[in-house]
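**Q** Following this message is one structure expressed as structure tokens.
Just so it is clear, none of the values below were taken in a lab; they were calculated from the coordinates. What you are looking at is a predicted structure, and each value in this text was computed from that prediction instead of being measured. Ideal geometry is used to build each Cβ from the backbone, glycine not excepted, and the neighbour counts take in all protein chains shown.
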Amino acid sequence: MTIRQRLAVGLVLLSCLEQAGVCGPPRYTIRRVTRSTAPKIDGRLEDAAWESAASMGPFQFAWWKQGKKEQTDARMVWDDQNLYVAYRCRDAHVWAVFTKHDEPVYMDDCVELFTSPHVDHRENYFNIEMNVNGAILDRHHPEGPGKKPPTNWNSRGIRIATRVDGTLNDDSDVDRCWVLEVAIPFANFQAVARHTPPRNGDVWYLNLNRCGGMTNPQYSQWSKGGTKTPKFHVPRYFGRVKFSTRLVSVVKKTTSRSRRIFRQLGLAASAGRRVGVGDQAVVSQQRLRAGFTTPEVAEHVHRVSSASTGQHRVTKLPTGR
Ligand SMILES: [Ca+2]
Ligand SMILES: [Ca+2]
Ligand SMILES: [Ca+2]
């Protein structure tokens with residue numbers, strides 16, 4: 001076999017491996033949530049959807065030189081209205097001063113979502129950058145990187161909630177992490193995407209980034225950039241996400257929580273207490289909001305109550321959402 005033939009075989013093999021997801025840009029399948037299991041945008045990631053969604057995997061530090069690599073755990077789910085993203089950012093020094101739209105939030109501790117929502121138009125991309133204060137900088141680049149956007153595109157309806165485990169804007173101590181939870185309406189991508197909401201199997205190019213902060217700022221990304229100097233605006237280095245209409249398996253993965261609720265219900269029932277409306281000691285609104293639907297909780301309460309005393313029945317429960 002000549003060198004040329006060997007090269008050709010190598011390229012074909014590489015292409016096959018990339019298509020199989022063995023090498024090349026990272027891939028992630030975004031599972032769907034229902035109205036009752038969609039995460040609540042409150043800066044807390046205890047939603048059953050987040051616990052059940054797969055992590056996108058460790059972020060890459062393509063341009064690391066020194067300092068601590070602080071990891072990010074990101075997850076995504078979707079429904080007909082929104083793409084939901086959860087970022088949990090390890091961070092010893094959480095810093096954010098900008099609060100207004102389109103301010104340079106990337107100088108603060110910041111997470112970003114870059115996406116080309118039409119697989120045949122990879123250079124036509126959006127960037128949405130969000131800091132710890134929940135401030136947004138957003139742009140649409142229809143003609144690709146390096147070209148000045150023709151209009152100052154503004155996203156609509158994005159909901160963000162953040163939470164800091166530590167002290168904001170005090171780098172004299174050591175913080176633990178910060179969390180950003182966001183719902184991005186698909187309507188924002190309607191002019192470019194093939195379908196909004198996406199259809200089963202639709203693929204978008206997408207990257208998640210992290211940067212900024214006053215102490216130990218680092219650049220990290222879900223899909224590793226290949227440029228010599230830090231550059232996030234390079235769609236050819238974006239990863240691939242695929243939308244699946246398969247539901248996040250919320251109930252299956254919350255069995256330990258389910259067991260905890262059952263135990264409390266059992267205790268209440270065996271103590272001869274009626275389990276019903278307003279019984280916050282037994283099933284708080286918070287637990288309902290953890291992802292169980294009202295019928296699911298009602299069924300569990302009924303089962304435990306009946307098993308324990310045979311006389312306690314549930315007629316109505318507080319609404320979860
Ligand atoms: Ca939440
Ligand atoms: Ca920081
Ligand atoms: Ca601090």
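**Q** State all residues of segment 60-115 that are among the charged types (D, E, K, R), more than 16 Å from ligand 3 (Cβ to nearest atom) and more than 28 Å from Ala187 (Cα to Cα); if no residue qualifies, say none.
**A** Lys65, Lys69
**Q** Further question: Looking at segment 181-219 only, could you name the residues that are touching a strand residue (DSSP E or B) at 6+ places or on another chain (Cβ under 7 Å) and among the β-branched types (Val, Ile, Thr)?
**A** Listed by number, the residues that qualify are Val182, Ile184, Val203.
**Q** Could you grab me the full set of residues in segment 206-230 that are surrounded by 15 or more Cβ atoms within 10 Å (Cβ to Cβ) and either of a type in the set (Lys, Arg) or over 24 Å from Asn131 (Cβ atoms) (or both)?
**A** Arg210, Lys224
**Q** Taking the conditions exactly as written (touching a His at 6+ places or on another chain (Cβ under 7 Å), under 27 Å from Trp178 (Cα atoms) and part of a loop (DSSP other than H, G, I, E, B)), does Thr215 satisfy them or not?
**A** Answer is yes for this residue.
Yes/no per residue for (1) polar (S, T, N, Q); (2) free of Cβ contacts under 8 Å to residues at least 60 places away in the same chain:
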| site | (1), (2) |
| --- | --- |
| Gly212 | no, no |
| Asn216 | yes, no |
| Lys228 | no, yes |
| Phe243 | no, no |
